[in-house]
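Encoded as structure tokens, the structure appears first; notes follow it.
The values are calculated or read from the model by the stated rules, or taken from the named source; none is laboratory data. It should be emphasised that the depicted structure is a prediction, and the values quoted were computed from it without experimental measurement. So basically every Cβ, Gly included, is an ideal-geometry build from the backbone, and we count neighbours across all protein chains shown.
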Amino acid sequence: MKKPPTTRHLPQAAFDILSGTILVFGFTALILLIADAPVLAAFKNIWMGAFVSTAKVSQVLSVWVPLILCSCGLLYTFRVNLWNIGIEGQITMGAIAAMAALRIPGIENPTLLLIFSFFASILGGATWGLLTGLLKTRGGVHEIFGGLGLNFVAQGFILWLIFGPWKRPGIASMSGTELLDHDLWLSTPTGWRVATMGLLVAGSVVILTWLFLEKSRFGLKLKAIGQNPKATLLYGLLPERYYLKAIMITGACAGIAGFLQVTAVYHRLIPSISSGYGYLALLVVMLAGYRILLLPILALFFASLNVGSIQLPIVLQLDSSLSGVIQGCCVLSALLILGIRQKRERS
Amino acid sequence: MDVEFQHISKNFGSVNALTDVSLTANSGTIHGLIGENGAGKSTLMKILTGYQSKSGGTIVINGREARLNSPKEAAVLGIGMLYQEPMDFTPLTVLENFSLGNPERNRKKLRLSLQALASRFGFHLAPDRAVELLTVGERQQIELLRLIHCKTRLLILDEPTTGISPAQKKTLFPALKHLAADGITILLVSHKLEEVATLCSEVTVLRHGSVTHHTNAPFHFPELLKAMFGSVPKQKDKEAQRETGAQILQMQNVEASSERLGLKQCTVKCAEGEIIGLAGLDGAGQSTFLRLAAGLTIPDRGSVILFGKELPKNIKACLQSQRQQTSFIPADRLEEALFADISLTDHFNLKEKQHSFLGIRNNNRVQTEKAITTFSIKGEPDYAAGDLSGGNQQRLLLALLDPESRLVLLENPTRGLDIRSGQWVWDYLRNKLSPQTTILFSSPELDEILHFSDRILVFHNGLIVLDRAVTDTSHAAIAAAMTGMTE
């Protein structure tokens, strides 16, 4: 008889994270050396760029919020074994829906508009997710291809809006639509760059996701379907229905991220409104081993790297593409660690 | 090849799976290794094939201590295993499967070797046929030929007759004897005493991880049974015929295409309280029949009428109308009925018919503990289902079965179980469920069907070729019907 499944995975998870971190720093150092950049100074600058002041920390948090929202959302789809690559499009459609609600003519009350906008973003993201889900369950299109296709559609749609019906009076540019009225900006504490509401929503989504996935019957059903969809039929569960539910929840979380990008970060609609946070969230979730408890920390790590590396071109005159290279290294290290873990689990 | 196990032990944490096991199998003999489920037979064979490491002791092969740290090392030494479930590649052809792991690359030569070996053993295998179209027995034949062609000198057979027909058994046994005569050492792992007696020249019995008995042919069955189980399990008399009531399941001209041959022109009625055994070669239509009644397969033509109502022609609706009164236990427990990484408690949670969205789980621990006691499951509520042995998985499935079910459908209910676990399963089905429950089950063991059912349906090529009360037929008549010979 084998041992019962207890917490035997915990030390391994810690080991994975530790080795992942060492790999990330090692890789980055190597690339900095190749680029003939001072390694320690670069690391110091990334750190300073992310944490030196309250303003910087709050900027990190403003990245952390959409990242953690998307990561939490992705836990649902990963739980049923779906690869929701379409999350980028879901953020974009959430942002578009949020913007559309803010443009509703005839409503003067900004709070009311923001509330509409919030729910519109949820609807926008969830609907876009549902489309991917329906393509899979009804049309037999794999969710990766369906999601990717819908990402392109969402991108095309936002460009059309920015250069067409929603363009700034007189000019249409890549810098986006006209700035929102100040009273439609989500309020931030003085000196901070992150909206209070964003933090509150993100925190609640983390707690709710933990409750749903770890404590509720719904979470258990998702887990069962992810493990063995065939067997769930005997328990009266229809996998297709839960695929749709899961992907709609992910879409809704992504939609909220889109709403916050519009109302709290950019205060307008820009072509790259998703900022690639959807793809980044996929990696955060994978690196966390699909465990919610590790998500906030890993999301914070990626967010600080994201913000901190912006400093490099300014201070060290390094090419700005280097920050992209560093993030790429993180991604590769994550995949490598994951690959090793899978190999270990199989043996 | 002579193989000698010397004082082998194996621990999983604090559990001793094997303690001081010693046995010797000599070149050219067939050595039986028997024992109940969980006795340690599989663990011992996994050590020999390099899949698991031993905790203590030595394995000596041809007089020299052998290092068996990986399956590859075992294969290099000429150790090969024929698994209960064929370990082949179904999308490939017979010839392609045969050539796997073989240094020979010339297809022409491989084809000739395959044909020569097949004819030597009396197997009929078309080299270019896709393996997915073959029966388990035929797939086993390919695997056997492949192992022989790869110069296997020690052949381990794990329950080789589990999925095969009586006719295939008749071909397999002489082939094995033939191989032994050629000098190959064969280790036969089984809990079917008749087969062991037919094939083996000596037998070692394992119980709770230790050798309890070793003897040479001829064998004395009560002695072996006592060594296997500690006492001789009582051979029960043929179960009495049960009272039957109204019709509850009716199929009219049903055609369906899920298995290899599907199901054709199936018209049959089943009454309340009946116990019906479904016999037939692997893939002859029994599984499709059970899945149709369970609402997991939709007929292409015809109608399935359950409890007086025709089942809807869509899986979703079908499952909903089914859930209340029908239970189905498939043969592939981990593939189709359980979740390997989910705890026993959570299996009960999943089965609960409560529809709250945020129902907090873990409220079923007490129920799980009760089920563990009632069904003698060796495990704890927090164990993952995949960590249970086959017999305990079957007990778990019975524990999950709704006792109010009016129709219970079972696919090979004693698959992989030893005599005692098998008896326990049948005792539960016949005596603990209401006598009005209709039970339909398929089994490759004719004896099980003859012993436990009141009526038998024999399937051949997707057709029901025999439908009789068990008392009106015979072993021979059923075996003939299974192979398509009419009386």
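Among residues of segment B:157-173 that are more than 15 Å from B:H191 (Cβ to Cβ) and assigned by TED's automatic domain parsing to the domain that holds B:L145, those with a Cβ under 6 angstrom from a residue that is surrounded by fewer than 17 Cβ atoms within 10 Å (Cβ to Cβ) and modelled with pLDDT under 85, sequence gap 6+ or separate chain, pair up as B:P166/B:A479; B:A167/B:T483; B:T171/B:G122. A:T250 meets each of the listed conditions (1) in contact with a Phe, Trp or Tyr (Cβ under 8 Å, 6 or more places away or on another chain); (2) within 14 Å of chain B (Cβ to nearest Cβ); (3) not small (G, A, S) apart from (2). Under 9 Å by Cβ, and 6 or more places apart or on different chains, what pairs join a residue from segment B:93-110 that is at positive phi with one that is in a helix (DSSP H, G or I) and surrounded by fewer than 20 Cβ atoms within 10 Å (Cβ to Cβ)? Every condition considered, the pairs that remain are B:G101/B:A75.
Residue by residue, here is whether (1) surrounded by 17 or more Cβ atoms within 10 Å (Cβ to Cβ); (2) assigned to a loop (DSSP other than H, G, I, E, B); (3) among the polar types (S, T, N, Q) holds:
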residue: B:V21; (1), (2), (3): yes, no, no
residue: B:L44; (1), (2), (3): yes, no, no
residue: B:I47; (1), (2), (3): yes, no, no
residue: B:S53; (1), (2), (3): no, yes, yes
residue: B:R67; (1), (2), (3): no, yes, no
residue: B:G80; (1), (2), (3): yes, no, no
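Mind listing whichever residues of segment B:159-209 are at pLDDT below 90, of a type in the set (K, R) and closer than 30 Å to B:G283 by Cβ? Across segment B:159-209, the qualifying residues are B:K169, B:K170, B:K192. Per the listing B:G28, B:G32, the residue uniquely more than 14 Å from chain A (Cβ to nearest Cβ), touching a Leu at 6+ places or on another chain (Cβ under 7 Å) and either more than 26 Å from B:I377 (Cβ to Cβ) or part of a strand (DSSP E or B) (or both) is B:G32. Within segment B:370-398, the set of residues being in a loop (DSSP other than H, G, I, E, B) and more than 9 Å from chain A (Cβ to nearest Cβ) comprises B:F375, B:S376, B:I377, B:P381. A:L234 falls short of the stated requirement of being surrounded by fewer than 21 Cβ atoms within 10 Å (Cβ to Cβ), under 30 Å from B:L296 (Cβ atoms) and free of Cβ contacts under 8 Å to residues at least 60 places away in the same chain. A:G73 passes every criterion in (1) touching a residue at least 24 places away in the same chain (Cβ under 8 Å); (2) in a helix (DSSP H, G or I); (3) farther than 14 Å from A:C253 by Cα apart from (3). Among the candidates A:S58, A:S62, A:S71, the residue that is at pLDDT 95 or above, within 26 Å of A:L298 (Cβ to Cβ) and small (G, A, S) is uniquely A:S71.
For (1) over 24 Å from A:L200 (Cα atoms); (2) not in a helix (DSSP H, G or I), each residue gets a yes or a no:
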residue	(1), (2)
A:Q261	no, no
A:R268	no, yes
A:L294	no, no
A:A299	no, no
A:V325	yes, no
A:R341	yes, no
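Every residue, every condition in (1) within 18 Å of B:A175 (Cα to Cα); (2) under 22 Å from the mean Cα position of the chain (by Cα); (3) not in a helix (DSSP H, G or I), yes or no:
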{"position": "B:K109", "(1), (2), (3)": "no, no, no"}
{"position": "B:L114", "(1), (2), (3)": "yes, no, no"}
{"position": "B:S119", "(1), (2), (3)": "yes, no, no"}
{"position": "B:D128", "(1), (2), (3)": "no, no, yes"}
{"position": "B:E138", "(1), (2), (3)": "yes, yes, no"}
{"position": "B:L144", "(1), (2), (3)": "yes, yes, no"}
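Looking across segment A:115-163 at every residue that is part of a helix (DSSP H, G or I) and among the charged types (D, E, K, R), the one that is nearest to A:V201 (Cα to Cα) is identified as A:E143. Quick check on B:F289: is it aromatic (F, W, Y), under 19 Å from B:D467 (Cβ atoms) and touching a residue at least 12 places away in the same chain (Cβ under 8 Å)? Taking the combined requirement at face value, the residue satisfies it. For segment A:224-235, check the following and say yes or no: at least one residue is away from every other protein chain (no Cβ under 14 Å) and either under 22 Å from B:I342 (Cβ atoms) or among the β-branched types (V, I, T) (or both). Taking every residue of segment A:224-235 in turn, none turns out to be away from every other protein chain (no Cβ under 14 Å) and either under 22 Å from B:I342 (Cβ atoms) or among the β-branched types (V, I, T) (or both).
One residue stands out among those in segment A:199-222 that are of a type in the set (D, E, K, R) and surrounded by 19 or more Cβ atoms within 10 Å (Cβ to Cβ): the one that is nearest to the other protein chains (Cβ to nearest Cβ), which is A:R217.
Of all residues in segment B:97-153, those being acidic (D, E) and surrounded by 18 or more Cβ atoms within 10 Å (Cβ to Cβ) number 2. Looking at this structure, is B:E195 part of a helix (DSSP H, G or I) and closer than 30 Å to B:T152 by Cα? So B:E195 fits the description; yes. B:T162 satisfies every condition listed in (1) of a type in the set (S, T, Y); (2) part of a loop (DSSP other than H, G, I, E, B); (3) under 22 Å from the mean Cα position of the chain (by Cα); (4) farther than 30 Å from B:R420 by Cβ except (4). Considering segment B:415-471, and only residues there that are over 20 Å from B:Q247 (Cβ atoms) and acidic (D, E), the residue that is surrounded by the most Cβ atoms within 10 Å (Cβ to Cβ) turns out to be B:D418.
A quick yes/no check of all residues on (1) in a helix (DSSP H, G or I); (2) among the small types (G, A, S):
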position	(1), (2)
B:G416	no, yes
B:W424	yes, no
B:R430	yes, no
B:L466	no, no
B:T471	yes, no
B:A476	yes, yes
